[in-house]
Amino acid sequence: MAYDGPTADSFAATGAGLGYRTTTAATDGTPTTMATGGKLWLPIWSGEVLHAYDTYNVFEGLVDHKTISSGREMLFPRTGTVGLKAQWGAGEELLGGENAVSNQFKISLDNRPMAAHFELDNVDLMVTQWEYRAELARQAGLRLASTRDKQIASYIARAALEAKLPGIVLGPEGYGDNVTNAGMEGAVDKHDGQVYCSAVLQALGADTGATWTAKNGNAGAGDGSSGNVISTAERTTAALKVLEFIETWMVHLQTINAPMEQVYCAVSPKAFQEIRSLGVARSSSDVINAQPMFGGVAEAGGLGAPFTQGMFALQDTLTYMGVIIMKSNHCPIKNYGNVEIGEGAVSETGDGQASRYNLQWADAGVKAICWQRAAVASLSLQGLKVDTVDDIRRNSTFTCASMMGGTGVLRPELSALFVDGTSSDDNDGTTSIGYVRKKAANGGTFDAEYTEA
C-alpha cells in the first residue's frame, strides 16, 4: 500500500515526525506508524516503574509477603498448638490438644488501589528522552513504594496493640504486667500487646532545640524538666534505652518459643544516627575514655563498622544481639491525615472503629517498632496497571500508574512498640496500652485485625 506521508496531527510540535496525541493503545496490537503515532513508550515506562518500586520498597520484603494473580484475598493456614499428656494412663482418651485448630487467616486486598499520576504537555519527551522518562518512572515507583511502606509499618504497630490468639503465653516473669498510667516504665500489658514505655524516649530522634514535655502527670519528663532543651546526654540515654528494650523483647520471644531469626527494629534516620554514634566523644572530657559502641571496635563487641564508613544510606543497618536495626522515613511516628496513606478517615463514623492505616502515632508517643517477619502479612495483586489518555481540551497527556495491595495481622505476639510514655490528661483509666490504642485510633477502637476463615 502506498504511503501518503504523515499528517499534521500525527507530528510533534517540533515537526520531528513522532507519534503525537493519538488514541492508539500500547497493548491493542495496532501497528504504529508515523501516521498513527502510538503509545509504545507505555510498556517500557511501566517496566521502569516496577523496577523503581522494587528498588525503593523496603518493608514488603521484611514481612510475610504474597502475590496473587487474580481474586481479592488469600488464606494463610493456622495450625494451633500440639497437645501433650505428660503421663498417659491406661484407658485415658487423648483429645488432640486444647488449642488444635484447622481454620485459616484471611488477608484481603484493600478496597481501592493507590495511584501515582502526572500530566504532560509534550509526550514526545517520553519517547525521545530516556533521562526524562526514567526520572518520571523513578518518581512514580518511589511514591508507590513509600506509601506501601507506610501502610505495612502502620500495621506492624497495630499488631503490637492487637489482642493475642488463644493459647499464647506472653512475656517473661516480671515483665508485661498491667501497668497503670501512674507508672509506665517497662513493658506494659502483656495480655493485649507488647508495648514498652519510657519517658526518656521522648529525646530519641528529637529535633534540634526540642524541649521536654510534661507527661504522665509529672512536672518533668525523662532526665530533664518540662520546657528545658533536650541535651546530648539525654539523647544518648534514650538511644541506650532502645537497646535495653530490644534485649527485653528478645527475651520475650525466647519465652514464647518464637522464631529468633529475621527480627527487625525500625527507627527514624535521626534516631538511627544517635544509636550509631553511641560512645562518640561529644565534649573534651569524653575524649580520653571514648569507646564507640558501633564503631567496629573489637573491644566493644565489634558492632557496626569503622567510622570511615558514613552509613548514611537508607539501606544501611546495624545489628545488635541478632536484631537488625534499620532506618526508615516511613516509621509510624507521625499523625496521618484522612486517606493520607490508604483507605479510611482518621476517625470513622458509625461503629467508632479506627482507620485502617491513618492512625495518630505521634499522639500515641511511638518512637520505634520491632517485629519478626511472621507478625504481619502483605498481599499484592500481580502487576502494575498503567493508563494514559490524551486530553485535547487541556492540550496535555495524562498518565496514571496504579496497583492493589492489602495488609493483615498473622502473629501479633511477634511485634512490639517503643513509646515515650503516656499523658495523664487523656487516658482510659486502666492501662497504658489502652491509652496508646485510644490516642492512635483518635478515640476509635481496635477490632481484631486478623480474620479467621
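The values are calculated or read from the model by the stated rules, or taken from the named source; none is laboratory data. Being a predicted model, the structure only gives us computed values, none of them experimental. Every residue, glycine as well, gets a Cβ built from its backbone with ideal geometry; the counts of neighbours run over all protein chains shown.
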*Mind checking whether some residue in region 321-329 is surrounded by fewer than 18 Cβ atoms within 10 Å (Cβ to Cβ) and modelled with pLDDT under 80?*
no
*asked:* For region 364-400: of the residues being small (Gly, Ala, Ser) and outside any loop (DSSP other than H, G, I, E, B), which is farthest from the chain's Cα centre (by Cα)?
replied: 396
*For region 245-263, how many residues are exposed (fewer than 15 other Cβ atoms within 10 Å of the Cβ) and hydrophobic (A, V, I, L, M, F, W, C)?*
2
*Take the residues in region 82-104 that are more than 20 Å from residue 257 (Cβ to Cβ) and under 38 Å from the mean Cα position of the chain (by Cα), then tell me which one is modelled with the highest pLDDT.*
104
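Output the number of residues of region 106-142 satisfying the condition of being among the charged types (D, E, K, R) and either in a loop (DSSP other than H, G, I, E, B) or crowded, with 19+ Cβ neighbours inside 10 Å (or both).
4
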*Any residue at all in region 222-231 that is in contact with a strand residue (DSSP E or B) (Cβ under 6 Å, 6 or more places away or on another chain) and at pLDDT 90 or above?*
no
*asked:* Condition first: outside any strand (DSSP E or B) and either among the hydrophobic types (A, V, I, L, M, F, W, C) or loosely packed, with under 14 Cβ neighbours inside 10 Å (or both). Now tell me which residues in region 73-88 satisfy that.
replied: 79, 82, 83, 84, 85, 86, 87, 88
*asked:* I'd like to verify a number: residues in region 286-307 that are loosely packed, with under 15 Cβ neighbours inside 10 Å, touching a Gly at 6+ places or on another chain (Cβ under 9 Å) and either modelled with pLDDT of 70 or more or on the phi > 0 side of the Ramachandran plot (or both), how many?
replied: 3
*Are there any pairs, at least 6 apart or on different chains, whose C-beta atoms fall under 9 Å, with the first in region 70-88 and on the phi > 0 side of the Ramachandran plot and free of Cβ contacts under 8 Å to residues at least 24 places away in the same chain and the second part of a loop (DSSP other than H, G, I, E, B) and not aromatic (Phe, Trp, Tyr), and if so, which?*
71/109
*Considering only region 143-186, state which residues are modelled with pLDDT of 50 or more, assigned to a loop (DSSP other than H, G, I, E, B) and either closer than 29 Å to residue 385 by Cα or not hydrophobic (A, V, I, L, M, F, W, C) (or both).*
162, 164, 166, 167
*Can you name the residue in region 245-268 that is in contact with a Lys or Arg (Cβ under 9 Å, 6 or more places away or on another chain), assigned to a strand (DSSP E or B) and not small (Gly, Ala, Ser) and is also farthest from residue 414 (Cα to Cα) among such residues?*
267
*If a residue has to be within 16 Å of residue 267 (Cβ to Cβ) and over 26 Å from the mean Cα position of the chain (by Cα) to count, how many in region 290-339 make the cut?*
1
*Keeping to region 274-284, report how many residues are surrounded by fewer than 24 Cβ atoms within 10 Å (Cβ to Cβ) and under 24 Å from residue 415 (Cβ atoms).*
1
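Can you find a residue in region 11-23 that is at pLDDT 90 or above and crowded, with 17+ Cβ neighbours inside 10 Å?
Looking through region 11-23, none of the residues is at pLDDT 90 or above and crowded, with 17+ Cβ neighbours inside 10 Å.
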*Of everything in region 336-379 that's surrounded by fewer than 23 Cβ atoms within 10 Å (Cβ to Cβ) and β-branched (Val, Ile, Thr), which residue is modelled with the lowest pLDDT?*
349
